[in-house]
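Structure, as structure tokens:
The values are calculated or read from the model by the stated rules, or taken from the named source; none is laboratory data. In this text, all values refer to a predicted model and were calculated from it rather than measured experimentally. With ideal geometry, Cβ positions are generated from the backbone for all residues, glycine too; neighbour counts draw on all protein chains shown. Ligands, DNA and RNA are excluded from the accessible area calculation, which covers all protein heavy atoms including side chains. Shrake-Rupley method; radii C 1.70, N 1.55, O 1.52, S 1.80 Å.
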Amino acid sequence: MRGVFVDANEALAVIMERLEKPGDPEVRIHRDPDIKPEQYPEILGGAEIAIVDHTALPTEVARKCTGLKHVVFLGTGARSYMNPEELAELGISVHLIKGYGDTAVAESAIALMWASARVIAMMDREMRVGSWLREDGMQLTGKTLGLIGFGGIAAEVARIATGSGMKVIAWNRSPKSYPGVEFTDLDTVLARSDVVSLHLLLNDDTRGMITREKILAMKRGVILVNTARAAIVDEGAMIDALKSGHIRHAGLDVFNIEPLPGDHPLTKLPNVTLSAHSAFRTPEASENLIEAAWVHCRRIVKG
């Protein structure tokens, strides 16, 4: 059984090679992170396992990938790039990797929260063009952070935030407990939080979950942080709330269109801090990610 890492950037390719062990299944590394979906059949060349970083795999393309039986997706958000149910109907199993970057993403969420509270990006932009902008920030000590969804990443966010003197409340679809965190209903989280941070997987239940009504149910002047998936939020409603000041500032790492076009409305708003879907990108997380990918490949080959 053969595998192909179809869209490896150089950093991940090097880690993939370094972590290979004697007796591992044959995995060819295709060093090109910018392949097009239609290139899958040629790149795979009949291989049974596709290791995928971020390239969309439409079902109609998967039909043409003779021999493909397994997709090892490097992350948890495969639904943003493929339809696992439709692939399953073709006999293709999609394998996810969870927990590899919990600390990395949590630290990024915290960084976006603090940067938003102190409008650091806004002042940086203004100073670079000669404007001495001195803007009042929000002091976060004693403020309430509301976490929507509570998995490994949110737990790390809670650990860091409570250590910095914030009150942390959370909502999760299933019962959870965590030291120092008050779990409550979603309406209460929206109403009480000075900062709202999203930590949900994207699926049919969560797509568009943060509606215009839920945004309006948040405190006026709230900070919104999203390191999960953009499609969880009604983008138009969020933009309107940013323009009106209902949302004081948004720290965003994820977008409906990636890469984000330079003329996108979000790039025109001063009260938004943007990062390029990079919350998970640290050497430590990459090491965890590729080790987990090898574990999947070994398990698949053993049946």
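Points to keep in mind about this one:
- Using a probe of 1.4 angstrom and keeping all protein chains present, the accessible surface of the chain works out to 47 square angstrom per residue.
- Heavy atoms of Val189 accessible to a 1.4 Å probe, total area in Å² rounded to 10: 0
- Segment 197-303: GluC sites (Glu not before Pro) in DSSP coil with no more than 14 other Cβ atoms inside 10 Å: none
- Taking amide H atoms as placed 1.01 Å from N in the peptide plane, the amide H of Glu26 lies under 5 Å from those of Gly3, each 5 or more residues away in sequence or on another chain.
- Backbone phi angles across segment 93-101, fed through the Karplus curve with coefficients 6.51, -1.76 and 1.60 (θ = phi - 60°), yield HN-Hα couplings of 8, 9, 10, 9, 10, 10, x, 5, x Hz in residue order; Gly and Pro are listed as x.
- Between Ile257 and Asn271, the contour length at 0.36 nm per residue exceeds the alpha carbon distance by 3.1 nm.
- Fully extended contour minus Cα-Cα distance, from Ser174 to Glu85, at 0.36 nm per residue: 29.7 nm
- Here is what passes the span test in the chain: the DSSP H helices with alpha carbon length of 20 Å or more along the helix axis and a Kyte-Doolittle mean of 0.5 or above are 102-117.
- Of the GluC sites (Glu not before Pro) found in segment 16-99, those that fall in a DSSP loop while having at most 16 other beta-carbon atoms within 10 Å are Glu20.
- In order along segment 131-146, the phi-based Karplus estimate (6.51 cos²θ - 1.76 cosθ + 1.60, θ = phi - 60°) of 3J(HN,Hα) comes to 9, 8, 7, 10, 10, 5, x, 9, 7, 8, 4, x, 7, 9, 9, x Hz; Gly and Pro are listed as x.
- As a fraction of the 1.4 Å probe accessible area of segment 1-129, surface on carbon and sulfur atoms comes out at 50 percent.
- Under 5 Å, built H, 5+ apart or other chain: amide partners of Phe183: Ala170
- Förster radius 22 Å - calculated FRET efficiency between Thr59 and Asp34, Cβ distance, rounded to 0.05: 0.50
- Anisotropy class of segment 93-148 from Cα gyration tensor, a/c 1.5 cut: oblate
- Largest first, the residues Asp34, Asp124 sort by 1.4 Å accessible area into Asp34, Asp124.
- For Met1, solvent-accessible area (1.4 Å; no DNA, RNA or ligand), Å²: 100
- With only the Cα atoms considered, segment 97-188 has a convex hull volume of 120 Å³ per residue.
- Integer Hz, Karplus 6.51/-1.76/1.60 couplings in order for segment 180-191, x for Gly and Pro: x, 10, 9, 9, 8, 7, 5, 4, 5, 4, 4, 6
- With 10 Å bins from 0: P(r) over the chain, alpha-carbon pairs, percent: 6, 26, 30, 22, 13, 3, 0
- Scanning residues 5 or more positions from Ile247 or on other chains, those with amide H under 5 Å from its amide H are Gly221, Leu242, with H placed 1.01 Å from N in the peptide plane.
- Averaging the sequence gap over all C-alpha pairs within less than 8 Å and six or more residues apart, then dividing by the number of residues, gives the chain a relative contact order of 17 percent.
- Here segment 102-274 is treated as a Stokes sphere of Kirkwood radius computed over C-alpha pairs; at 10 °C and 1.306 mPa s its diffusion coefficient rounds to 98 µm²/s.
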